[in-house]
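Peer 1: Shown below is the structure under consideration.
Every number here is computed from the coordinates shown, using simple stated rules; none is lab data. In this text the structure is predicted, and so the values were computed from the model without any measurement. Cβ: placed from backbone, ideal geometry, glycine included. Neighbour counts: every protein chain shown.
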Amino acid sequence: MSGLCRGVNLAGALDAERPARPDLRDLDLVRCAGLDTVRLPVRWSPHLATAPPYRLEPSFLETVAGVCDAALARGLTVVLDVHHHGELCADPVRETPRFLALWDQLGRRFADAGPGLCLELLNEPHDPMDAATWNGLLAQALAVVRATNPMRRVLVGPARWNIVAALGELRLPDDPDLVVTVHYYSPFRFTHQRAAWIDGSEAWRGTPWGTAAERARVRADLERAAAWARERGHPLFVGEFGTIATAPMADRAAWTALVRAEAERVGAGWALWDLATDFAAYDRVAGAWHAPLRAALLGAG
Ligand code: BGC
């Protein structure tokens, strides 16, 4: 598999409420750090018409395509994702035509991109969309993508926010170029302590991490995910994992180092959440990586 080994999410730009073009210097930062992949979370929905034929704003599409081209030109593998498409999980029946129209347009636009571009059908499908509904929908979306991109790598993860425990409910179409993706934020009270968007998480303040049982749990979770993907003949990509900046740094670094090392041990690629927002590995103010997190991801040096 080329690329899709070690990466980072470029969050806070194209996925934001008010989208911004990511600073292309971030791509150099990522490349210079020795990473090979960027995951590009994109909130397409506000740029997609609400009536048929659900046209995607050409200028937004070209902005995203420009970032993909810039990353590919630097030799990075790109995972282009459909992020925060909340309408789909809220009302899958109503939203399906619009979601498929999005993939039709993305498929056509990126049909000629190099093999370093990978497409991810949907970030974190979740309640009230259940696994059975998602299984049906992902097969439809994949068929739309395959009409224009017969051999491109396509990432697909399970319902319930892409958690490892939901893999057993995921049904994959027969397709040799699928990559299984999961997100790993466990224990959640540690990784999301004081997350402003999670009710009650203020009470998790100071939650430590690192007991032998907690470490064993990480190993077991990643082994289980890798075994599931391997049995079906697909690579595994841990497309998000990370810790919030309000967690203690020493524990953040220890957790990040273990998840990263275990992902590599079981043969999975990974992408940290995220470069420089609320789970940041890179400190924009200092203009430097947080040294403990950089070491956790890449080893000392
Ligand atoms: C969400 C972010 C969130 C992160 C960690 C991502 O999928 O888009 O808003 O910060 O997960 O929870």
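Peer 1: Rounded to whole Å and sorted largest first, list the principal axis extents of the Cα atoms in segment 54-211.
Peer 2: Computed over the Cα atoms, the extents are 48, 38, 31 Å.
Peer 1: Using 7 Å Cα-to-Cβ label points, what is the ASP23/ALA165 separation (nm, one decimal)?
Peer 2: Each label point is offset 7 Å from its Cα along the Cβ direction, giving 3.9 nm.
Peer 1: Apply the Karplus curve 6.51 cos²θ - 1.76 cosθ + 1.60, θ = phi - 60°, to the phi angles in segment 205-213 and return the couplings in whole Hz, x for Gly and Pro.
Peer 2: 3, x, 4, x, 8, x, 5, 4, 5
Peer 1: Quick one: net charge around HIS83, please, counting Lys, Arg +1 and Asp, Glu -1 for every other residue with C-beta under 11 Å from its C-beta.
Peer 2: With Lys, Arg at +1 and Asp, Glu at -1, the neighbours total -3.
Peer 1: Please list, in chain and number order, the residues 5+ apart from TRP289 or on another chain whose amide H is under 5 Å from its amide H, with Hs placed from the backbone.
Peer 2: Result for TRP289 returns ASP283.
Peer 1: Could you run the Karplus curve 6.51 cos²θ - 1.76 cosθ + 1.60 with θ = phi - 60° over segment 114-123 and give me ³J(HN,Hα) per residue in whole Hz, x for Gly and Pro?
Peer 2: x, x, x, 8, 10, 10, 10, 4, 6, 6
Peer 1: Relative to the present Cα-Cα distance, how much length would full extension add between GLU231 and THR211 at 0.36 nm per residue of separation?
Peer 2: Numbers: separation 20, 0.36 × 20 = 7.20 nm, distance 3.05 nm.
Gain on extension, GLU231 to THR211, equals 4.2 nm.
Peer 1: Another question about this same structure. Based on other C-beta atoms within 10 Å, arrange MET249, MET151 from fewest to most.
Peer 2: Final ranking by Cβ density, sparse to dense: MET151, MET249.
Peer 1: Okay, next question. Hey, with R₀ at 25 Å, roughly what FRET efficiency would ALA33 and MET249 work out to, going by the Cβ-Cβ distance, to 0.05?
Peer 2: On the way: r = 18 Å, r/R0 = 0.74.
So, using R0 = 25 Å, E works out to roughly 0.85.
Peer 1: Right, another one. Using per-residue counts of other Cβ atoms within 10 Å, averaged over each peptide, order 32-41, 268-277 from highest down. Each step should come with its number before you reach the end.
Peer 2: Working: 32-41: 20.5, 268-277: 24.4.
The densest-packed peptide leads the list: 268-277, 32-41.
Peer 1: Would you calculate the separation in nanometres between label points at ARG94 and ALA288, each defined as 7 Å from the Cα along the Cα-to-beta-carbon direction?
Peer 2: 5.1 nm
Peer 1: Once you put a point 7 Å from the Cα of ASP199 and another 7 Å from the Cα of ARG146, both along the Cβ direction, what distance in nm separates them?
Peer 2: So the two model labels end up 4.2 nm from each other.
Peer 1: Dipole size in debye (nearest 20) for the chain around its Cα centre, Lys and Arg Cβ +1, Asp and Glu Cβ -1? Could the numbers behind the result be given before it?
Peer 2: Details: 32 positive and 36 negative charges, 105 e Å.
Around 500 debye, computed over the chain.
Peer 1: Using alpha carbons only, how many degrees (0 to 90, rounded to 10) separate the axis of helix 249-265 from the longest principal axis of the chain?
Peer 2: So the helix axis and the longest Cα principal axis differ by about 60 degrees.
Peer 1: Please work out how much length the chain gains when fully extended from ALA139 to ARG265, using 0.36 nm per residue of separation minus the C-alpha to C-alpha distance, in nm with one decimal. List each step's numbers first, then the result.
Peer 2: Working: separation 126, 0.36 × 126 = 45.36 nm, distance 3.03 nm.
Here the segment from ALA139 to ARG265 would lengthen by 42.3 nm.
Peer 1: Using only DSSP helix segments of four residues or longer, with each worth -39500 (n - 2.57), what per-residue ellipticity at 222 nm results for the chain after dividing by its residue count and rounding to 500?
Peer 2: On the way: 10 runs with 119 residues, N = 301.
Using -39500 (n - 2.57) per qualifying helix, the result is -12000 deg cm²/dmol.
Peer 1: For VAL179, list long-range residues whose amide hydrogen, built 1.01 Å from N in the peptide plane, is under 5 Å from its own amide hydrogen.
Peer 2: Here VAL154, LEU155, VAL156 satisfy the definition.
Peer 1: What is the set of long-range amide H partners of GLN193 at a cut-off below 5 Å, with H atoms built 1.01 Å from backbone N?
Peer 2: Excluding prolines and chain starts, which carry no amide H, the hits are ILE244.
Peer 1: Return ASP221, ASP127, ASP199 ranked ascending by Cβ neighbour count within 10 Å, so the fewest neighbours appear first.
Peer 2: On the way: ASP221 18, ASP127 10, ASP199 7.
So the residues, fewest neighbours to most, are ASP199, ASP127, ASP221.
Peer 1: What number comes out for the charge environment of THR246, summing +1 per Lys or Arg and -1 per Asp or Glu over other residues with Cβ under 14 Å away? Kindly include the intermediate steps, with their values, before the conclusion.
Peer 2: Details: positive: ARG189, ARG194, ARG205, ARG252; negative: GLU202, ASP251, ASP278.
Computed value for this residue: +1.
Peer 1: Hey, any idea what the orientation-averaged projected area of the convex hull of the chain's Cα atoms comes to, in nm²?
Peer 2: Details: hull surface 58.7 nm².
Mean projected area of the Cα convex hull: 14.7 nm².
Peer 1: List, in order, the whole-Hz ³J(HN,Hα) value for each residue of segment 43-60 obtained from phi through the Karplus relation with A = 6.51, B = -1.76, C = 1.60 and θ = phi - 60°; use x for Gly and Pro.
Peer 2: The phi angles translate into 8, 7, 3, x, 9, 10, 4, 9, 10, x, x, 6, 6, 8, 4, x, 5, 5 Hz.
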